[in-house]
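The values are calculated or read from the model by the stated rules, or taken from the named source; none is laboratory data. Because the structure is a prediction, the values reported are computed rather than measured. Please note: Cβ atoms are built from the backbone with ideal geometry, for glycine as well, and neighbour counts cover all protein chains shown. We work out accessible area using only protein heavy atoms, side chains counted, and drop any ligands, DNA or RNA first. Shrake-Rupley method; radii C 1.70, N 1.55, O 1.52, S 1.80 Å.
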Amino acid sequence: MSEFECVMEIPEDARNPVEPFLRMDRMPHIWCPGCGIGTTVNCFVRALLSSKSDLDHVAIVSGIGCTGRVAGYANLDSFHTTHGRAIPFATGLKLANPKLQVVVYSGDGDLFAIGGNHFIHAARRNMDLKVICVNNLTYAMTGGQTAPTTPGQVISATAPYGVFEPAFNLVQLAEAAGAAYVARWTTYHVTQLARSMGEVLNKKGFCFIEVLSPCPTLYQRRNKMGDGLDTMKYYKEASKIRHGAPTGECALTKSGEIVVGKFVDRDRPDYLELMRTQLHESLGERYAEPEAVCGL
Amino acid sequence: MHADPKGVLTGVHFLDGDHACCEGTLAAGARFSAGYPITPSTEVVERFAARIPTVGGVFVQMEDELAASIAIQGAVWGGAKAFTVTSGPGFSLMMEHIGYAVMTETPCVFVNVQRGGPSTGLPTLPAQADMMQARWGSHGDYGIIALCPNSPQECFDLTITAFNLAEEFRVPVLMMLDECVGHMTEKVIIPEPGQIEITPRHLTQRPPEAFHVFEPGENLVPEMVQAGDGYRFHITGLTHDERGYPSMNVEVQDRLVRRLQDKLKPLANGRALCETEHLDDADVVVVSYGITSRVAQRALQLARQKGIRAGKFRIIQAWPFPEERIRELAGRVKAFVVPELNLGQMVHEVERAAAGQAKVIPVSHAGGGVHNPEAILKAIVEAAK
Amino acid sequence: MAKGFVAVTVERCKGCGFCVEFCPTKVLDLSSAFNSKGYHPPYVVAGEKCSGCDLCGMYCPDFAIFGARYAR
């Protein structure tokens with residue numbers, strides 16, 4: 001294959017900037033051709049770079065599913081937890097060592113069906129977690145079943161005659177539950193997504209970014225929606241950037257307009273701040289700060 | 001090493017088992033707990049919530065038991081000693097995360113104050129019906145440690161033991177209280193911190209480049225690590241190799257799952273915690289645990305008064321089951337009498353260990369109260385014939 | 001003279017075509033040849049137009065391509 005490689009002069013020390021952030025001994029990854037999860041990982045790496053994060057203090061927590069595999073590829077302290085429980089695991093991790101920047105990276109089925117309760121409660125508490133949801137509108141790992149995000153009329157493995165139950169609007173849900181930061185992008189919007197990810201890495205509180213991503217194998221194939229590139233073109237054509245749009249107007253449909261942008265960016269005291277304030281007030285001198293790493 | 005004085009409430013106290021258990025967690029060095037309310041266990045975390053802000057740590061009330069049982073594991077990987085507390089229905093919900101702690105070798109403690117089941121059952125009344133669930137409740141093959149205190153004092157002492165065993169073997173340790181022991185109030189002596197032995201977390205001293213997160217030592221237990229120390233490690237509930245990477249093949253599965261069982265062998269063979277009395281001349285041995293062992297004590301007294309050579313074998317460590325001890329006894333006694341607040345659980349283990357060498361007589365009780373000592377006595381008398 | 005370059009790790013490519021489609025200066029095209037996994041990787045058709053913007057690297061879900069500017 002060398003005929004493709006040597007057309008341009010490539011400096012000897014040239015290296016893909018994502019490589020130091022990944023466990024390259026695990027490549028190639030399991031994601032299908034045309035899947036967008038890897039694209040979101042590129043954006044995350046750029047965000048880690050631009051936010052000047054101390055990588056030894058960034059931990060990544062995933063649940064189960066295709067996006068759940070991100071933790072396994074990230075060259076960080078990384079935790080592949082049980083289905084739906086990335087957020088409560090991350091909650092314990094963050095509270096035991098508040099110096100950690102804890103990122104939850106998981107899919108729509110994991111975070112909003114089996115893990116939905118944890119999502120709304122972590123947002124309510126304003127737990128200082130950065131939640132990135134790669135939304136491919138289906139359960140891909142298990143074969144393309146209906147997810148709480150699957151739009152109406154879509155054919156899925158468990159809705160062979162079309163989905164008739166209403167879907168969640170994730171950004172509206174996140175805002176209503178109390179998230180400090182809410183944005184939505186697609187894998188077409190790589191620079192905007194990287195910027196949003198960088199912003200949340202420097203913001204306190206519960207931050208949520210939804211990223212729409214193609215799933216050619218399990219979602220599109222059943223619905224004759226073409227391949228990954230076709231979905232990327234659809235994202236390009238159908239997306240409308242509306243920063244600050246009321247999240248209630250941002251519901252997704254099978255093939256309609258996709259409102260993207262940053263919808264919410266507000267400051268609320270986070271869980272640890274609230275806890276400290278309350279306990280200081282009640283206990284005064286008797287209050288003992290939690291030890292970052294408990295005396296073992 | 002000795003207990004951190006900040007968590008130790010040295011002195012003579014009048015506490016119920018739940019509160020004593022809480023003091024045990026603090027003395028053991030637990031600085032994180034996540035819980036969800038459920039009768040009859042909630043007092044443990046209620047006390048923790050009141051005490052921990054002055055000791056230095058965090059209590060967080062989660063949205064359900066699923067969350068509580070995984071939040072503690074996040075906290076462990078963040079560097080804390082951590083536990084959660086529950087009862088029947090909550091224990092059922094925690095099963096998946098007991099499996100996760102087994103698979104990821106996360107040292108942590110689950111306290112189960114047992115009540116009557118199945119389902120919602122008897123929220124305020126005792127049972128010992130989760131003993132097999134403690135052993136086998138999560139899917140897959142694994143080893144587990146479970147301890148059964150029979151007094152508030154033991155709720156304190158064994159909770160410290162539970163944390164120590166969790167660190168030594170890197171397994172979740174289950175504290176199997178029952179509603180009676182949890183709500184029984186008695187004298188509890190909390191020693192000076194210098195008299196409390198604590199097993200520290202065995203954090204690796206190796207540099208990151210020479211460290212594999214699941215590479216077992218000679219004792220089959222890997223060294224521990226925590227987030228934020230630059231190791232960039234990976235853990236997963238999937239079958240994984242020594243690097244923590246998922247690996248779906250027969251060989252890796254066999255190596256991992258056998259090790260998860262085998263690392264606990266020292267506890268089954270010889271180190272099993274138990275309390276015995278009059279075993280030297282015994283014809284009949286009463287095997288019991290938890291609150292039932294206190295009822296059995298009365299039955300044993302009555303039997304001795306009748307001239308029956310009855311001995312006591314109180315199981316303190318239910319899992320791994322003390323099978324060598326029971327097997328050895330089975331060779332020289334007529335029978336075992338096994339009273340339990342269930343319709344027969346640990347009795348199956350006694351039967352298995354006795355292997356037909358001695359009779360095994362269950363004294364079952366569906367829960368909601370405790371046995372009448374006469375019922376146990378009757379079984380002893382029958383067995384001695 | 002091109003301001004930048006793209007480097008392709010041919011064997012990692014799964015042929016999705018994102019890099020080809022979204023390259024702002026149309027530097028790339030998909031090859032008709034296969035890599036060892038049976039995918040058509042991209043190749044450079046207009047190297048002189050490359051600005052080294054790395055948008056291809058941002059899009060590539062397989063970490064198989066990246067772009068950079070030449071040091072000056």
- Item | Threshold 10 Å² - residues in the stretch B:63-78 whose accessible area is reduced by that much or more when the chain is no longer isolated, probe 1.4 Å | B:E63, B:D64, B:L66, B:A67, B:I70, B:A71, B:G74, B:A75, B:W77, B:G78
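I'd like the GluC sites (Glu not before Pro) in the stretch A:197-258 restricted to DSSP loop residues with at most 16 other Cβ atoms within 10 Å, sorted by number. Walk me through the intermediate numbers first.
Values: sites: A:E199, A:E210, A:E237, A:E249, A:E257; in loops: A:E257.
Those that pass, being in a loop and sparsely packed, are A:E257.
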- Message: Need the C-alpha centroid separation for the stretch B:203-228 versus the stretch A:128-163, integer Å.
- Response: 38 Å
- Whole-percent carbon and sulfur contribution to the accessible surface of chain A (1.4 Å, no ligands, DNA or RNA) stands at 52 percent
- Message: Excluding ligands, DNA and RNA, what is the accessible area buried between chains A and C, summed over both sides, using a 1.4 Å probe, to the nearest 100 Å²?
- Response: 3100 Å²
- Task: Return one number: the angle in degrees, 0 to 90 and rounded to the nearest 10, between the long axis of the Cα atoms of helix B:17-28 and the longest principal axis of the Cα atoms of chain B.
- Result: 40 degrees
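Just to be sure I understand: if you take the accessible area of chain A alone plus chain B alone and subtract the pair, with a 1.4 Å probe, what total do you get in Å², rounded to 100?
Values: alone 14690 and 15180 Å², together 25910 Å².
Summing both sides, the interface buries roughly 4000 Å².
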- A 1.4 Å probe over the protein heavy atoms gives the stretch B:274-384 a carbon and sulfur accessible-area percentage of 47 percent
- Residue-by-residue Karplus 3J(HN,Hα) for the stretch B:165-178, coefficients 6.51, -1.76, 1.60, Hz, glycine and proline x: 5, 4, 6, 5, 9, 6, 9, x, 10, 9, 9, 9, 7, 9
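State to the nearest 20 debye the size of the charge dipole of chain B about its Cα centre, where the only charges are +1 on K and R beta carbons and -1 on D and E beta carbons. Intermediate values should be presented prior to the final figure.
Numbers: 34 positive and 45 negative charges, 173 e Å.
Rounded to the nearest 20 debye, it is 840 debye.
With charges set only on the Cβ (+1 for Lys and Arg, -1 for Asp and Glu), what does the dipole of the stretch B:274-384 come to about its Cα centre, in debye to the nearest 20? Kindly include the intermediate steps, with their values, before the conclusion.
Values: 14 positive and 13 negative charges, 52 e Å.
Roughly 260 debye, rounded to the nearest 20.
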- Query: Given a Förster distance of 22 angstrom, what is the FRET efficiency for B:K378 paired with B:E186, based on the Cβ-Cβ distance and rounded to 0.05?
  - Reply: 0.20
- Message: Output wanted: per-residue J couplings in Hz (rounded whole) for the stretch B:339-355, from phi through Karplus 6.51 cos²θ - 1.76 cosθ + 1.60, θ = phi - 60°, x for Gly and Pro.
- Response: x, 8, 8, 6, 8, x, 10, 5, 4, 5, 5, 4, 4, 5, 6, 5, 6
- Task: Please give the calculated 222 nm ellipticity per residue for the protein assembly as shown, where each DSSP H segment of at least 4 residues contributes -39500 (n - 2.57) and the sum is spread over every residue; nearest 500 deg cm²/dmol?
- Result: -9500 deg cm²/dmol
- Task: Would you mind pulling out the separation of the Cα centroids of the stretch C:45-71 and the stretch B:346-385, in Å?
- Result: 76 Å
- Message: Please compute the modelled spin-label separation between B:E215 and A:E285, points set 7 Å along Cα→Cβ, answer in nm with one decimal.
- Response: 5.1 nm
- Item | Percent accessible area from carbon and sulfur atoms, the stretch C:4-69, protein chains only, probe 1.4 Å | 56 percent
- Item | Size of charge dipole - the protein assembly as shown - debye, nearest 20, with Cβ of Lys, Arg +1 and Asp, Glu -1, no other charges | 820 debye
- Item | Options A:L173, B:H365, B:M103, ranked by Cα towards positive dipole end of the protein assembly as shown, top entry (Cβ charges) | A:L173
- With the dipole of the stretch A:41-190 worked out from charges on the C-beta (+1 for Lys and Arg, -1 for Asp and Glu) around the Cα centre, which of A:Q153, A:G115, A:T91 lies farthest toward the positive end? A:T91
- Item | For the stretch B:304-367: rounded, prolate or oblate by the Cα gyration tensor [a/c cutoff 1.5] | oblate
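So in the stretch B:5-195, what percent of DSSP beta bridges are antiparallel if you round to the nearest 5?
Values: 8 of 29 bridges.
Restricted to the stretch B:5-195, the bridges split so that about 30 percent are antiparallel.
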- Query: Taking a ≥ b ≥ c as the square roots of the eigenvalues of the Cα gyration tensor of the stretch C:4-69, is the shape rounded (a/c under 1.5), prolate (a/b larger than b/c) or oblate?
  - Reply: prolate
- Message: Amide H of B:V285 versus every other amide H placed in the peptide plane: which residues, excluding those fewer than 5 positions away on the same chain, fall under 5 Å?
- Response: B:G311, B:A335, B:F336, B:V337
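In square angstrom, what is the accessible area per residue of the stretch C:4-69 with a 1.4 angstrom probe? Numbers along the way, then the final one.
On the way: 2410 Å² over 66 residues.
With all protein chains present, the stretch C:4-69 gives 37 Å² per residue.
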- Among the lysines, which have Cα under 29 Å from the Cα of C:K49 when same-chain residues fewer than 8 positions away are ignored? A:K233, A:K236, C:K3, C:K14, C:K26
- Note on the structure: Filtered hits (aspartates and glutamates, Cα-Cα < 15 Å from A:K262, offset >= 8 within chain) -> A:E175, A:E199, A:E210, A:E249
- Message: Run the reach check for B:K263 against lysines, Cα to Cα strictly under 23 Å, same-chain hits fewer than 8 apart removed. What comes back?
- Response: B:K81
- Note on the structure: Partnerless cysteines (no other Cys beta carbon under 4.7 Å) identified across chain B are B:C22, B:C108, B:C148, B:C180, B:C274
- Message: I need to check one value: relative contact order of the stretch C:4-69, counting alpha carbon pairs closer than 8 Å and at least 6 residues apart, in percent.
- Response: 44 percent
- Tilt of helix B:88-104 relative to the longest C-alpha principal axis of chain B, in degrees (0 to 90, nearest 10)? 50 degrees
- Message: I'd like the Karplus ³J(HN,Hα) series for the stretch A:229-243: coefficients 6.51, -1.76, 1.60, θ = phi - 60°, whole numbers in Hz, and an x wherever there's a Gly or Pro.
- Response: 5, 4, 5, 4, 5, 4, 4, 4, 6, 8, 7, 10, 7, 9, 4
- Message: What is the distance in Å between the Cα centroid of the stretch A:223-284 and that of the stretch B:11-37?
- Response: 41 Å
